[in-house]
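Novice: What follows is a single structure, and I will ask about it in a moment.
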Amino acid sequence: MGEIGRIVQAADELSEPVNIPAEAYVSPEYARAERDRLWRKVWLQAGRIEDIPEVGNYITYDILDDSVVIVRTGPDKITALHNVCPHRGRKLIDVPAGTRNARGSRPNFICGYHGWTFDLEGRNTYFEHQEDWQGKLCEGLGDVGQVKVETWGGWLWVNLDPEAGPLKDYLEPAMTMLDPYQLQNMRARWRKWVIFDCNWKVAMEAFSETYHVATTHPEFMEFGQFRGWARNQGLHSNIGYDAPKGQEEDSGKLRLGAGEDPRLTTADMQNFTWANANTNTTATLVAVANRLKDELPEGTPAAEVSKYWIQTARAEDEARGVVWPTVDPQHTSQAGTAWQIFPNFQIGHAVNNMLCYQARPYKSDPDKCIFEAAVYELYPEGEAPATDWEYTEPADWPPVLQQDFANMAAVQQGMKNVGFRGAQPNPYMERSVASLHMNLAKFMGTGFPHRY
Ligand code: FES
Ligand SMILES: [Fe+2]
């Protein structure tokens, strides 16, 4: 390796090329240190509010050694509890084998070991032979400990740090930029998870830039240009497409196909995306795209094709009770196509659908992660499908995602090679990667990107 330059600690330095040491991806010591320095300090997306609609409904969320139970305790109240019995430490709620998390409904929690019983807020309501403790289990010592929990965007967010500041302070500016998309109204179309052979950062980074599209997903090149920017946004980052002036809508996810006849290429791109990714679009958008050639004359300018496609799909959805929010094109161009929420969650937003990724470490092994993806859209009131997390082997994921998977495992191996000099992300298109490591290093105390 050449002489290592100055470490990068400020966002405005990320516009220059940097080198990211492999340590954060491959070091077992680093992976172990993440538990205390990272996972126990940050706000983590732990599930959807609609998964716990009724009082007594709960889900669990595991992050390395820690497990949290998130329970609805009132029509407008949600509580999070450390998933551990205060008696002798049995996990209070078991996660059934082969499932991503526990999910159920209870009037109270009863530990399976000696029967200590807790109400939904975690207060101890009963245990046998109480007098044997000589009155010492007062002041909450017999209760289950609470965890900070807040909601935003339809998600449940937890923070294991009792000193953590509010979620809003943590999420901004992502919160303000994404609020117009009303993500809380969307419901899952599908949710898949898998234990995968790469570090959680390798998995997240496979989706946080557009630089890979031309090579990894060459089929898409027929449909247009996928050059896009990546920007630092404090702890977070976002990405979007470069779009011609006056066509700012095209910097968002609902974009036209390129080429001679956008009526046809838009239909081609929509059909390909629907069949091979099952993300980033909806049945309504696909159906209207397929009618563009019949409903618009040949030679219709791209801007008009785009307008007609979006307005018609919007009207047809509205007629069945699905109302898309309206977002100003200027806002779309700033909000881009996806936000990387520090450290391990990505929201790929649009006005009528979203694609989200999350990756978590698996058993402190730097070479493994729990990877998950979910696609959401707007449904008429009461018509959202009942979905749950499906464990899905890599070969059974949509083909476009398999193309990304093929890189993920190979990157994990390659980064351990003695000849690897550290990652050198594109400062414009992959700034999200450098941004993640700059912020991670501030938590971890090591792994800072370096300037050349
Ligand atoms: S460990 Fe829970 S009741 Fe004993
Ligand atoms: Fe990809």
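Novice: Taking the Cα centre of the chain as origin and charging only Cβ (+1 Lys, Arg; -1 Asp, Glu), how large is the dipole, in debye to the nearest 20?
Specialist: 800
Novice: Moving on. Quick one: divide the alpha-carbon radius of gyration of region 1-133 by 2.2 N^0.38 Å and tell me what you get.
Specialist: The reported ratio for this selection is 1.49.
Novice: Per DSSP H run of n ≥ 4, the term is -39500 (n - 2.57); total these for the chain, divide by its residue number, and report the mean residue ellipticity at 222 nm rounded to 500 deg cm²/dmol.
Specialist: Result for the chain, helices only: -7500 deg cm²/dmol.
Novice: Across 10 Å bins from 0, what is the distribution of all Cα-Cα pair distances for region 165-255, in whole percents?
Specialist: 12, 32, 42, 13, 1
Novice: Run the dipole for region 143-262 about the Cα centre, Lys and Arg Cβ at +1, Asp and Glu Cβ at -1, nothing else charged, and hand back the magnitude in debye, nearest 20.
Specialist: Dipole magnitude for region 143-262 comes out near 240 debye.
Novice: Next question, about the same structure. Go ahead and run the numbers for FRET between GLN424 and GLU50, Cβ-Cβ distance against an R0 of 35 Å, rounding to 0.05.
Specialist: Taking R0 as 35 Å, the efficiency between GLN424 and GLU50 is 0.25.
Novice: Moving on. Along its three principal axes, how long is region 27-94 when you only count alpha carbons? Whole Å, largest extent first please.
Specialist: Result for region 27-94: principal-axis Cα extents of 44, 28, 16 Å.
Novice: Label-point separation (nm) for ASN271 and ASP388, each offset 7 Å from Cα along Cα-to-Cβ?
Specialist: Modelled inter-label distance: 3.7 nm.
Novice: Using a 4.7 Å Cβ cut-off, which Cys residues in the chain lack a partner cysteine?
Specialist: Cysteines of the chain left without a disulfide-compatible partner: CYS138, CYS198, CYS356, CYS369.
Novice: For every other residue with a beta carbon closer than 10 angstrom to the beta carbon of ASN101, add +1 if it is Lys or Arg and -1 if Asp or Glu, then tell me the sum.
Specialist: In short, -1.
Novice: At 7 Å along the Cα-to-beta-carbon direction for both TRP190 and GLU222, put a label point, then send me their distance in nm to one decimal.
Specialist: Simple spin-label model gives 2.1 nm for this pair.
Novice: Another question, if that's okay. Counting Lys +1, Arg +1, Asp -1, Glu -1, what net charge surrounds PHE223 among other residues with beta carbon under 11 Å of its beta carbon?
Specialist: Taking every Cβ under 11 Å from that of PHE223, the sum is -2.
Novice: Want the number for TYR126 to LYS363: 0.36 nm per residue separation, take away the alpha-carbon distance, what's left?
Specialist: My answer for the length gained is 81.9 nm.
Novice: For SER15 and LYS416, what is the calculated FRET efficiency with R₀ set at 35 Å and r taken between the beta-carbons, to the nearest 0.05?
Specialist: Calculated transfer efficiency: 0.75.
Novice: Also, I was wondering about something else. Expressed in nm to one decimal, what extension gain is obtained for the pair THR446 and LEU264 from 0.36 nm per residue of sequence separation less their Cα-Cα distance?
Specialist: 60.5 nm
Novice: Given the options LEU14, TRP39, VAL26, identify the residue whose Cα lies farthest towards the positive end of the charge dipole of region 4-96 (+1 on Cβ of Lys, Arg; -1 on Cβ of Asp, Glu).
Specialist: Going by the charge dipole, the pick is TRP39.
Novice: Looking only at Cα atoms, what is the convex hull volume of the chain per residue, in Å³?
Specialist: Value for the chain: 148 Å³ per residue.
Novice: How far apart, in nm, are two points set 7 Å out from the Cα along the Cα-to-Cβ line at GLU304 and at SER105?
Specialist: In this crude spin-label approximation the distance works out to 5.4 nm.
Novice: Under a Cβ-Cβ cut-off of 12 Å, what is the net charge of the residues other than ASP143 that fall near it, where Lys and Arg count +1 and Asp and Glu count -1?
Specialist: That sum, taken over residues with Cβ under 12 Å, equals -2.
Novice: Moving on. Compute from the Cα atoms of region 267-356 the Rg and the Dmax, the latter being the longest Cα-Cα distance, and quote both in angstrom.
Specialist: When restricted to Cα atoms, region 267-356 yields Rg and Dmax of 14.4, 47 Å.
Bear in mind these aren't lab numbers, they're just calculated from the coordinates by the rules spelled out. As the structure is a computational prediction, the values presented were derived from the model and not from experiment. Please note: Cβ atoms are built from the backbone with ideal geometry, for glycine as well, and neighbour counts cover all protein chains shown.
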